[in-house]
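Visitor: Take this structure first; my questions come after.
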Amino acid sequence: MPVLSATSSPTSSPTWTNERIELLKQHFEAGLSCREIAADIGVSRNAVIGKLSRLNLTRSRAVEDRRLERSLAPARATRAVPRLQYEMLATIYGETGAPVVAGPIDEANRCSLLELAENRCRWPISTPGADDFCFCGNSAPDGQSYCAGHSRLAYRPNSRARVMRG
């Protein structure tokens, strides 16, 4: 195994030699992308971007070009998942102005993991690993994970949504 001295470590050779810097400038002026420059010089793309930044080399684009690109870009998708979840639950339980009063949840259908089926509630009862651990097992509507009672517990609207609804 070769012994490395303090003067000959693998990291002692500089990444940016004068030749590489000149190649970087030539390729940049030629309009090559950072990926293409990196492949030709033999460094990473991030190294090229960093060196271009330190050399203050930027590709100038007109402000109008940037504004045009932004206006043509597709609009960001809104975070619709909570809204869809709310709408789905509203259709299941019905949207009423009065708060939903949860009745007792039936305990007669409890089942083990092996007894769970698609249309059974997967709400865990007790602590996993305990002797009395089981699942709710009540009927879960339309492919939902939980029965109506446990869905009310699991899918509560956040406080902002409650305030907005009144």
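Visitor: How large is log10 of I(q)/I(0) for segment 116-157 at q = 0.16, 0.35 Å⁻¹ when the intensity is taken from the Debye formula with one equal scatterer per alpha-carbon?
Guide: With no solvent term, the Cα-only Debye profile gives -0.40, -1.12.
Visitor: Residue 46 to residue 133: extension gain in nm, 0.36 nm per residue of separation minus the Cα-Cα distance?
Guide: Gain in length upon complete extension: 26.1 nm.
Visitor: Label-point separation (nm) for residue 21 and residue 86, each offset 7 Å from Cα along Cα-to-Cβ?
Guide: Taking the two extended label points, one gets 5.8 nm.
Visitor: Can I ask one more? Can you tell me the length gained on complete extension of the stretch residue 107 to residue 57, counting 0.36 nm per residue apart and subtracting the Cα distance?
Guide: 11.0 nm
Visitor: On full extension of the chain, what length is gained from residue 125 through residue 156, given 0.36 nm per residue of separation minus the C-alpha to C-alpha distance?
Guide: Contour length minus Cα-Cα distance gives 9.2 nm.
Visitor: Can you send over the solvent-accessible area of residue 91, 1.4 Å probe, protein chains only, in Å² to the nearest 10?
Guide: It works out to around 110 Å².
Visitor: If you don't mind, there's one more thing I want to ask. Students sometimes get this wrong: rank 16, 123 by accessible area, probe 1.4 Å, all chains present, largest first.
Guide: If we order 16, 123 from most to least accessible, we get 123, 16.
Visitor: At a probe radius of 1.4 Å, what is the per-residue accessible area of residue 20, in Å² to the nearest 10?
Guide: Estimated to the nearest 10 Å², residue 20 gives 70 Å².
Visitor: Related question: So, taking all protein chains as they sit and a 1.4 Å probe, how much accessible area belongs to residue 153, in Å² rounded to tens?
Guide: Accessible surface of residue 153 is approximately 80 Å².
The values are calculated or read from the model by the stated rules, or taken from the named source; none is laboratory data. Just so it is clear, the model here is predicted, and its values are computed rather than measured. When we count neighbours, we look across all protein chains shown, and the Cβ atoms used for this are built from the backbone with ideal geometry, even at glycine. Accessible surface is based on the protein model in full, side chains and every heavy atom, while ligands, DNA and RNA are left aside. Shrake-Rupley method; radii C 1.70, N 1.55, O 1.52, S 1.80 Å.
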